[in-house]
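Student: Got a structure for you, questions after.
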Amino acid sequence: MSSKKVSVTSFIVYKFYSLLGHACKGLFVLFSSGKLDPSKEVSDLKLVFFCGKKGAGMLKAVILSVYRRWEKVPVISIVTDGTDPEIIKKYMKFWPFPYQVKTYEACADFHLARGRKSLVEWARINIFARKLISILAEAEVGPTLYCDTDLLWFAEPRLPEITGGLTLRMSQDNVLSYPTQLLDALGRQDMMQKPAMNAGLLFISGSPYDHYPQFEQLIDQVKNYCVERSEERGFSEQMVFALLTDRLGDTWSPEEVIINTRDLYWPLIPSYLFSGHQFARHHVLTKHSWFWRDALFIILSKKKNSRQSGHS
């Protein structure tokens, strides 16, 4: 088959799944319009999101998957990338439980009050550093479960036991997404030989400033790397969390949190929706299709996932 025919076929297939995603999204909006029961018990677990206007459209689907699949409702905290909190609050009108919305600037002030100038300077130029400072600020106040707005829940997560130091657990990734030149500069090329980690889902309690040797110097090096390259995006913050986890934490397995593209063009109903083995899927490259299919399935399904939350 010629490359031209392959390109045309790929385009048609992509369009088909995109249209399927749009259809599922429309059905999700239709079936998720009802009011939620406000009497559900609220837990003391804090669930944090880092969100701008672009991700706000998926926020309802993620939160509804929590509502449908967890025994108790967590306390939700949303930190924006600089987006006006009032914009995000409009997307949260469906939610009858406690939540707060604030900008990353509030988290920057938290760090500045503790003399962490390099961390905040990095956040001024890198949107993912804003995510990092937000999570670190929340975790220093109390145990924090963070997830991206393209992650859906099938069951409650397995959480680590909180220690007196820094407690940290990340999800694994299917690709290595760290800045290799920065790892070379840090003398941590060994990270390229270890299982990849992803900062789209993590649990953290405590402060790395108190428990990770020379963390301030690490942040200063990362900031200077980004400044020299005028880097506004990238995965430097993911590398920082991975370095912390490599020394002080552990990971969820790929069998618990799905993050791959092998099923980019799967059958319409995949088996993982019914398996009970996975508790979440991070839809990195399937936002346009499978995210909305899975979200629709979750709100239409009456039966809860059999997996229960636990520690270890």
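Any read-out appearing in this document is the output of simple, stated calculations on the displayed coordinates, not a laboratory observation. None of the values given here were measured: they were computed from a predicted structure. Glycine also receives a Cβ, built like all others from the backbone with ideal geometry; neighbour counts cover every protein chain displayed.
Student: Which of the aspartates and glutamates could a cross-linker span from Lys102 if the Cα-Cα distance has to be under 14 Å and same-chain partners fewer than 8 positions apart are dropped?
Tutor: The qualifying aspartates and glutamates are Asp81, Asp84, Glu86, Glu138.
Student: Using the Karplus curve 6.51 cos²θ - 1.76 cosθ + 1.60 with θ = phi - 60°, work out ³J(HN,Hα) for each residue of the stretch 109-115 in order, rounded to whole Hz, and write x for Gly and Pro.
Tutor: Whole-Hz 3J(HN,Hα) from phi for the stretch 109-115: 4, 4, 6, 4, 5, 10, x.
Student: How much of the DSSP bridge set in the stretch 1-302 is antiparallel, in percent, rounded to the nearest 5?
Tutor: Of all bridge pairs located within the stretch 1-302, approximately 40 percent are antiparallel.
Student: Please give the length that would be gained between Asp37 and His288 if that part of the chain were fully extended, namely 0.36 nm times their separation in residues minus their C-alpha to C-alpha distance (nm, one decimal).
Tutor: Going from the current span to full extension adds 87.4 nm.
Student: Please work out the FRET efficiency for the pair Asp220 and Ala113, using the Cβ-Cβ distance as r and a Förster radius of 22 Å; give the result to the nearest 0.05.
Tutor: 0.75
Student: Once you place label points 7 Å from the Cα toward the Cβ at Gln100 and Val141, how far apart are they in nm?
Tutor: About 0.3 nm, to one decimal.
Student: Taking amide H positions as placed 1.01 Å from N in the peptide plane, with prolines and chain starts having none, which residues 5 or more places from Leu151, or on another chain, fall under 5 Å of its amide H?
Tutor: Amide H neighbours of Leu151, under 5 Å, 5+ apart: His283.
Student: If you don't mind, there's one more thing I want to ask. For a test of the definition: using alpha carbon positions, the gyration tensor, and the 1.5 limit on a/c, classify the stretch 190-299 as rounded, prolate or oblate.
Tutor: prolate
Student: Now, a different point. Given C-alpha coordinates of the chain, what is the ratio Rg to Rh with the Kirkwood estimate of Rh?
Tutor: My calculation puts Rg/Rh at 0.97.
Student: Here are some pairs, Lys46/Lys194; Lys89/Lys287; Lys25/Lys131; Lys53/Lys287; which of them have Cα atoms lying more than 25 Å apart in this structure?
Tutor: Over 25 Å Cα-Cα: Lys46/Lys194; Lys25/Lys131.
Student: Taking K and R as +1 and D and E as -1, what net charge do the other residues with C-beta under 12 Å from the C-beta of Gln100 add up to?
Tutor: Every neighbour counted, the sum reads +2.
Student: Let me ask another. Tell me, Met92, Met58 in order of fewest to most beta-carbon neighbours within 10 Å?
Tutor: Met92, Met58
Student: While we're looking at this one, here's another question. Restricting to DSSP H runs of at least four residues, report the calculated mean residue ellipticity at 222 nm for the chain, -39500 (n - 2.57) per run over all residues, nearest 500 deg cm²/dmol.
Tutor: For the chain, the value works out to -13500 deg cm²/dmol.
Student: Still on this structure, I have one more. What dipole magnitude, in Debye to the nearest 20, does the stretch 1-302 give about its Cα centre under +1 on Lys/Arg Cβ and -1 on Asp/Glu Cβ?
Tutor: In debye, rounded to 20, the stretch 1-302 gives about 1280.
Student: From the backbone phi of the stretch 285-299, what are the Karplus-calculated ³J(HN,Hα) couplings (6.51 cos²θ - 1.76 cosθ + 1.60, θ = phi - 60°) in whole Hz, Gly and Pro given as x?
Tutor: Karplus values, whole Hz, x for Gly and Pro: 10, 10, 4, 6, 10, 5, 4, 6, 5, 5, 4, 5, 4, 5, 6.
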